1. Among B:Tyr53, A:Tyr23, A:Tyr81, what is the fewest-to-most ranking by other Cβ atoms within 10 Å?
2. Is the shape of chain B rounded, prolate or oblate, going by the alpha carbon gyration tensor and its root eigenvalues a ≥ b ≥ c, with a/c under 1.5 for rounded and a/b larger than b/c for prolate?
3. Given the DSSP H assignment, sum -39500 (n - 2.57) over each helix run of at least 4 residues in chain B and divide by its residue total; what's the result at 222 nm in deg cm²/dmol, nearest 500?
4. For chain A, can you list the cysteines whose C-beta has no other cysteine C-beta under 4.7 Å from it?
5. Averaging over every viewing direction, what projected area does the convex hull of the Cα atoms of the protein assembly as shown cover, in nm²?
6. Evaluate peptide A:100-109: per residue, the Cβ atoms of other protein chains within 10 Å of its Cβ; return the mean as an integer.
7. Between region A:52-96 and region B:1-69, how many Å separate their Cα centres?
8. Pick from A:Ala52, A:Ala29, A:Ala88: which residue has the top mean-square fluctuation in a GNM of chain A where Cα pairs under 10 Å get a spring?
Amino acid sequence: MAAIHADIDALTEFRAALTRFRYAQREVADRGGDTIEATRASLEAKASRWRARLEQGRAELAACHERAAAAADAPVDCSGYARAVSEAGERLEHIRCWQQRIDQQVIEFHGAASRFKDLLETDLPRAEEQLAAIIASLHAARRVQPPGS
Amino acid sequence: MSPLPARPDRDGDQQLRLLDDAWEKAVPHWQDDVARQFGTHQWTPLRDESRLYLEALRAMMDLLDAAERDTEQ
């Protein structure tokens, strides 16, 4: 028979630590997912604002060009509107680049997150059950030990 | 002003450190074949997979922080 060198209290404490870890990491994983969604929503809101500014800027630029065409002998400066359209376009493109980077990273992250979720839902409870069985067998062995041994 | 919430990856790292400490405390009191098997087949994969996930989460959170900062209006 294999020798048993195990302290019941130490194993019980470690099992409790595993359980705490499982609950705490579930919350960590949930918060990670929430942060991803919140940032995506924030970027989409920013993109939406810049899209609206771009549309408005284009309309104002077009109106300026019409005024310039109508007043051929009096020069009309539309460069401010053109700059605003250019800036809005650049800001929108910048946000789109970040959105694409995040989408790509989320795909890579999903693999690790999925494996970790399996670990929390399946492997960790199994380890806790195994420890519980070991602790129970130690209790049983202690009960049948002859006095004074 | 309310404090910024802690990043989940940092909380996850802290939880893994606590579990690692608990394992290190248990090991001197658990020195048999079952312990060695548990260490090889349960504890080591659990710790390694947790580390991999937390590294991926850290990279993800870093990217999200950078995106928010870089797109501030």
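Values quoted throughout were computed directly from the atomic coordinates according to the rules given, and no laboratory measurement underlies them. Remember, it's a predicted structure, so these values are computed and weren't measured experimentally. Reconstructed Cβ throughout: ideal geometry from the backbone, glycine too, with neighbour counts over all protein chains shown.
1. A:Tyr23, A:Tyr81, B:Tyr53
2. In terms of gyration-tensor shape, oblate.
3. That calculation yields -24000 deg cm²/dmol at 222 nm.
4. If one checks each Cβ against the other cysteines of chain A, A:Cys97 turn up with nothing under 4.7 Å.
5. 17.1
6. That works out to 3 on average.
7. 53
8. A:Ala52
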